[in-house]
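Single-structure report; data block below.
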Amino acid sequence: MLKRWLLFILIVAPIVYLLAFGLTRNPRELPSAMVGKMAPDFLLETLDGKKIDLPSLKGSPVVINFWATWCGPCFYEHPVLKEVRSIYEKEGVKFLGVVYQDKKETVVQFVKELGEPFLVLFDPKSQMAIDYGVGGVPETFFIDSKGLIQNKFSGVLTKEYLKDQIEKIKQNQ
Amino acid sequence: MINTIGNICIFLALASSLAGMAFAYFGKMAVARKLAYTNFFAMTVAGLGMMVALLTNDFSVSYVAHVGAKETPRFYAAISLWSSLEGSILLWGWVLSGYTALCIYRNRNKFENLMPWVCISLFAIGAFFYLVLAIPANPFQSVYPVPDNGPGPNPLLQNHWLMGLHPPMLYLGYVGMSVPFSFAIASLVTGDLSNAWVSITRRWFLIAWMFLSIAIVLGGWWSYAVLGWGGYWAWDPVENASFMPWLTGTAFLHSIMVEERRQMLKIWNLVLICMTFLLTLLGTFLTRSGVLDSVHSFTESEIGLYFLFSIGIALAIATALLIWKGPQFKSPGKLDHPLSRETAFLINNLLFVCFCFVVLLGTMYPLIVEALRGVKVTVGAPFFNQMVVPLALLIILLMGVGVALPWKKGDPKTLLKLLRWPVLLMAVAVVIAFILGIKKPLVLITVAFATLSLSIMLIEMATVFWRAKRVFSLNPRRYGGFVVHIGIIFVSIGVALSGNYQKENQVHLKLGDIFEMEPYQIKLDKLYGDPQPQRFEVIAKIEVFKNGRPLGYLNPKLNFYPNNREPVGSPAVYSTVTGDLYLTLMAFEHNRLEATIRTMVTPAVSWIWGGGGVIVLGVLISAGMKKKEGEPPC
């Protein structure tokens with residue numbers, strides 16, 4: 001009898017565990033070669049023409065979100081970013097949204113209607129996106145206060161994941 | 001309106017399945033049967049309702065709002081029923097309700113002992129699908145405000161007529177495996193494993209297996225005709241998921257003959273049926289949950305949890321029944337002689353199960369490694385090719401030698417005598433292949449084994465015809481099986497030649513330029529745009545010559561869809577028995593004077609599609625032709 005139970009468990013448990021484990025992961029998430037490296041420098045313009053570069057942000061944890069108005073999933077993570085920013089901005093975390101292959105006028109309209117969850121930066125020739133190895137939008141980079149890329153996430157952010165990652169880059173001060 | 005009808009039908013199907021289980025359990029089979037018909041009626045109304053909604057662009061139906069578009073041509077609008085998650089589950093449930101009703105109707109006066117459990121099992125599988133349709137994948141949700149238009153189906157799925165055939169065939173194959181599985185469960189519960197059980201289970205299994213074979217071949221054809229990479233099989237996780245039940249199913253179709261003839265391998269056959277069904281569920285899980293990255297993965301959704309639950313339950317029930325109830329079927333029979341057909345079938349089973357294990361390991365390996373070590377790895381085609389080619393070659397060899405062996409005990413002398421001509425023909429074929437330029441050892445071995453097996457079967461069929469003036473009606477199962485084997489040999493030759501001797505070039509042509517690619521010459525004649533309601537096509541009109549003789553025009557296209565950032569290509573193919581010329585428009589200059597064309601010349605691709613047709617023919621002979629009275633099985 002015991003032998004049969006053992007056989008039953010040995011067959012069923014590993015298969016169910018493996019498939020259940022499969023549900024917890026994102027198969028499209030590829031490890032980024034940038035993780036663990038210093039974030040490449042950039043010099044981009046904001047909506048009102050102010051210039052921003054990476055050295056000016058040193059000392060603060062930074063969340064950089066690559067997005068576009070034509071990107072459906074970006075629309076869904078917009079409110080998440082807005083909400084999380086309102087919690088962490090006062091703690092010194094910087095939120096940047098780099099516009100990826102988009103027109104300025106549509107971005108201005110988009111932000112006017114739905115609010116600005118981050119400081120919007122334009123990357124007209126996608127130079128920054130190339131430097132960061134962006135494969136598509138939305139993609140989010142988590143950079144600690146020393147300028148080290150701690151993680152990269154492709155796809156729609158959830159509130160829990162975003163907060164969890166921000167806590168991690170905050171710890172690394 | 002359609003939303004309401006659809007939802008009522010789904011709930012009716014769910015309720016009739018649950019009630020059907022209860023009535024079948026209490027032996028009220030007449031009521032259970034009526035509930036199966038109700039179930040089928042409800043799903044037919046739901047399925048047709050969705051088709052009407054898709055054809056009339058009723059965007060108040062959530063599924064239509066998700067995949068419909070006013071511009072989509074009517075054929076693609078109708079088949080977009082299976083272009084996305086909810087619709088494909090609806091079709092799944094519809095097919096299952098059809099199988100359930102048909103199985104219960106055809107066996108209404110048979111298997112008194114078994115049928116209640118067959119019903120319970122089929123209704124339980126149905127109840128799961130209808131529950132998924134009712135909650136996480138409901139295609140009939142109301143959309144308000146009703147949008148003016150929708151995004152249209154995935155561009156890749158509205159690019160070729162084969163999309164109208166491949167998914168329904170796959171569903172007929174996958175879902176069809178529910179019937180033999182239910183018979184297996186019923187026999188395990190009741191202890192009834194009579195010869196009639198074997199016969200009925202084999203027949204249902206064979207039909208489902210045929211649909212699965214068609215689906216696999218059509219899937220390869222679609223990939224070849226649409227994706228523009230010139231190949232047909234990429235060892236994609238979901239391709240593998242359809243191939244694995246085919247492999248265990250093929251093993252079963254052989255080992256069931258040993259059970260019929262020698263009363264052996266009874267438990268093993270039940271294991272193979274259960275494995276095949278569970279592998280179809282695994283395929284569904286992989287396709288619908290987004291566990292593995294694949295071109296087939298529709299979406300990552302909560303539906304994964306439902307499928308996990310269903311696989312877990314089915315696996316647990318099947319394993320428990322096999323462990324606790326299986327031993328009652330232990331058979332006393334044993335092998336009489338190593339040189340016998342039984343041994344050939346055993347080796348066949350070993351090879352197919354090893355084949356399946358290799359494919360399963362390669363498919364699941366990334367998941368296993370990540371679960372154990374947290375590292376992401378990928379398993380590519382080289383692993384699969386290296387591992388499965390030797391197994392496939394042995395299977396080809398066995399297809400001929402196995403059928404030449406007699407039951408119980410073979411005589412080496414007779415066998416050697418039988419093999420004289422086939423071996424001679426094999427040698428001739430290898431020499432001819434070598435002269436024709438085939439130098440790769442593995443391809444030569446394929447040609448050798450294929451010729452040997454083919455000639456053994458053709459010689460036997462010719463001899464039988466010479467003596468009796470008929471072949472198939474004499475023993476439809478045996479000679480139908482031969483035809484299936486011949487189909488598989490065609491596919492194998494097609495795969496070996498096309499996989500090893502493809503020539504590929506990428507050229508930048510100006511209008512009027514000619515590119516030479518032995519034995520073809522292509523000339524870029526015209527580059528133009530053609531607006532269609534659902535897309536904008538950029539077409540390269542290319543004149544094709546063979547050894548200087550004009551053959552006509554091929555028109556590879558790039559299609560621009562409003563909801564897709566990247567254009568979707570439509571390759572153009574000139575297909576012959578010996579090989580294909582395959583052209584893909586890769587890029588074009590906006591001045592309409594220059595284009596980049598990828599050209600491929602691939603030998604024997606059409607043998608694969610033709611082989612698929614021969615397999616179907618063989619199954620139809622084997623399952624459909626009347627058997628002579630008193631004739632022994634195979």
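The values are calculated or read from the model by the stated rules, or taken from the named source; none is laboratory data. No experiment lies behind these values; they were computed from the predicted model shown. With ideal geometry, Cβ positions are generated from the backbone for all residues, glycine too; neighbour counts draw on all protein chains shown.
Looking only at residues in region A:15-34 that are over 30 Å from residue A:130 (Cβ atoms) and either more than 7 Å from every other protein chain (Cβ to nearest Cβ) or under 19 Å from the mean Cα position of the chain (by Cα) (or both), which one is modelled with the lowest pLDDT?
Among them, the one singled out is A:24.
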- prompt: Which residue, of B:495, B:538, B:484, B:464, is touching a Gly at 6+ places or on another chain (Cβ under 6 Å) and in the same structural domain as residue B:414 (by TED's automatic domain parsing)?
  reply: B:484
- prompt: For residues in region B:311-327 being closer than 27 Å to residue B:264 by Cβ and at the interface with chain A (Cβ under 7 Å from one of its Cβ atoms), which is nearest to the chain's Cα centre (by Cα)?
  reply: B:315
task: Output yes when any residue across region B:546-568 is part of a strand (DSSP E or B), outside the structural domain of residue B:385 (by TED's automatic domain parsing), small (Gly, Ala, Ser) and farther than 30 Å from residue A:135 by Cβ, and no when none is.
output: yes
- request: Go through region B:364-409 residue by residue and tally those that are away from chain A (no Cβ under 14 Å) and within 27 Å of residue B:247 (Cα to Cα).
  value: 29
message: Tell me the residue from A:12, A:99 that is crowded, with 16+ Cβ neighbours inside 10 Å and more than 14 Å from every other protein chain (Cβ to nearest Cβ), please.
response: A:99
- request: Report yes if some residue within region B:191-204 is of a type outside the set (Gly, Ala, Ser), touching a Ser or Thr at 6+ places or on another chain (Cβ under 9 Å), within 27 Å of residue B:80 (Cβ to Cβ) and crowded, with 21+ Cβ neighbours inside 10 Å; otherwise report no.
  value: no
- prompt: Restricting attention to region B:436-450, does a residue exist that is buried (at least 18 other Cβ atoms within 10 Å of the Cβ), in a loop (DSSP other than H, G, I, E, B) and either in contact with a Cys (Cβ under 6 Å, 6 or more places away or on another chain) or not hydroxyl-bearing (Ser, Thr, Tyr) (or both)?
  reply: yes
message: Considering only region B:522-530, I want to know if a residue exists there that is of a type in the set (Ser, Thr, Tyr) and either surrounded by fewer than 17 Cβ atoms within 10 Å (Cβ to Cβ) or not assigned by TED's automatic domain parsing to the domain that holds residue B:397 (or both).
response: yes
query: For region B:443-484, which residues satisfy the criterion of being in contact (Cβ under 8 Å) with a residue 12 or more places away in the chain and among the aromatic types (Phe, Trp, Tyr)?
result: B:449, B:472, B:479, B:482
message: Take the residues in region B:66-116 that are basic (Lys, Arg) and outside any helix (DSSP H, G or I); name whichever of them is farthest from residue B:127 (Cα to Cα).
response: B:70
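Rundown of residues vs (1) surrounded by 13 or more Cβ atoms within 10 Å (Cβ to Cβ); (2) touching a residue at least 12 places away in the same chain (Cβ under 8 Å); (3) in contact with a Leu (Cβ under 8 Å, 6 or more places away or on another chain), yes/no style:
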position: B:356; (1), (2), (3): yes, yes, yes
position: B:369; (1), (2), (3): yes, no, no
position: B:376; (1), (2), (3): yes, no, yes
position: B:387; (1), (2), (3): yes, yes, no
position: B:390; (1), (2), (3): yes, no, no
position: B:402; (1), (2), (3): yes, yes, no
position: B:413; (1), (2), (3): no, no, no
query: Quick one: would you say residue B:94 is out of contact with any Asp or Glu (no Cβ under 6 Å at 6 or more places or on another chain), among the aromatic types (Phe, Trp, Tyr), surrounded by 23 or more Cβ atoms within 10 Å (Cβ to Cβ) and touching a residue at least 40 places away in the same chain (Cβ under 8 Å)?
result: yes
- prompt: Does region B:154-177 include one or more residues that are in a loop (DSSP other than H, G, I, E, B), touching a Lys or Arg at 6+ places or on another chain (Cβ under 6 Å) and not β-branched (Val, Ile, Thr)?
  reply: no
task: With the condition kept exactly as written, say whether any residue in region B:11-29 is assigned to a helix (DSSP H, G or I), touching a strand residue (DSSP E or B) at 6+ places or on another chain (Cβ under 7 Å), of a type in the set (S, T, N, Q) and crowded, with 19+ Cβ neighbours inside 10 Å.
output: no
- prompt: Quick one: is residue B:284 of a type in the set (Val, Ile, Thr), closer than 30 Å to residue B:85 by Cα and more than 14 Å from chain A (Cβ to nearest Cβ)?
  reply: no
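Going through region B:485-520 one residue at a time, which ones are part of a strand (DSSP E or B) and either under 28 Å from the mean Cα position of the chain (by Cα) or in contact (Cβ under 8 Å) with a residue 40 or more places away in the chain (or both)?
The answer is B:503, B:504, B:505, B:506, B:507, B:508, B:509, B:510, B:515, B:517, B:520.
One line per residue, one yes/no per condition, for (1) basic (Lys, Arg); (2) surrounded by fewer than 21 Cβ atoms within 10 Å (Cβ to Cβ); (3) in contact (Cβ under 8 Å) with a residue 12 or more places away in the chain; (4) touching a Phe, Trp or Tyr at 6+ places or on another chain (Cβ under 6 Å):
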{"site": "B:230", "(1), (2), (3), (4)": "no, no, yes, yes"}
{"site": "B:234", "(1), (2), (3), (4)": "no, yes, yes, no"}
{"site": "B:239", "(1), (2), (3), (4)": "no, no, yes, no"}
{"site": "B:245", "(1), (2), (3), (4)": "no, no, yes, no"}
{"site": "B:256", "(1), (2), (3), (4)": "no, no, yes, no"}
{"site": "B:260", "(1), (2), (3), (4)": "no, yes, yes, no"}
{"site": "B:274", "(1), (2), (3), (4)": "no, no, yes, no"}
{"site": "B:278", "(1), (2), (3), (4)": "no, no, yes, no"}
- prompt: In the list B:80, B:88, B:84, B:62, which residue meets the criterion of being surrounded by fewer than 20 Cβ atoms within 10 Å (Cβ to Cβ), small (Gly, Ala, Ser) and either within 17 Å of residue B:158 (Cβ to Cβ) or under 19 Å from the mean Cα position of the chain (by Cα) (or both)?
  reply: B:84
- request: Test residue A:102 against the stated conditions and say whether it is charged (D, E, K, R) and touching a Pro at 6+ places or on another chain (Cβ under 8 Å).
  value: no
message: Let me confirm something: among A:37, A:3, which residue is among the charged types (D, E, K, R) and within 14 Å of chain B (Cβ to nearest Cβ)?
response: A:3
message: Anything in region B:50-64 that is within 27 Å of residue B:126 (Cβ to Cβ) and touching a residue at least 60 places away in the same chain (Cβ under 8 Å)? List them, or say none.
response: B:50, B:61, B:62, B:63, B:64
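Against the condition part of a loop (DSSP other than H, G, I, E, B), touching a Phe, Trp or Tyr at 6+ places or on another chain (Cβ under 6 Å) and buried (at least 20 other Cβ atoms within 10 Å of the Cβ), how does residue A:137 come out, does it pass?
Working: part of a loop (DSSP other than H, G, I, E, B): yes; touching a Phe, Trp or Tyr at 6+ places or on another chain (Cβ under 6 Å): yes; buried (at least 20 other Cβ atoms within 10 Å of the Cβ): yes.
Here the answer is yes, as residue A:137 does meet what is asked.
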- request: Output yes when any residue across region B:542-549 is loosely packed, with under 15 Cβ neighbours inside 10 Å, at pLDDT 90 or above and closer than 28 Å to residue B:608 by Cα, and no when none is.
  value: yes
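Given the structure, is residue B:361 of a type outside the set (D, E, K, R), surrounded by fewer than 17 Cβ atoms within 10 Å (Cβ to Cβ) and either touching a residue at least 24 places away in the same chain (Cβ under 8 Å) or under 27 Å from residue A:15 (Cα atoms) (or both)?
yes
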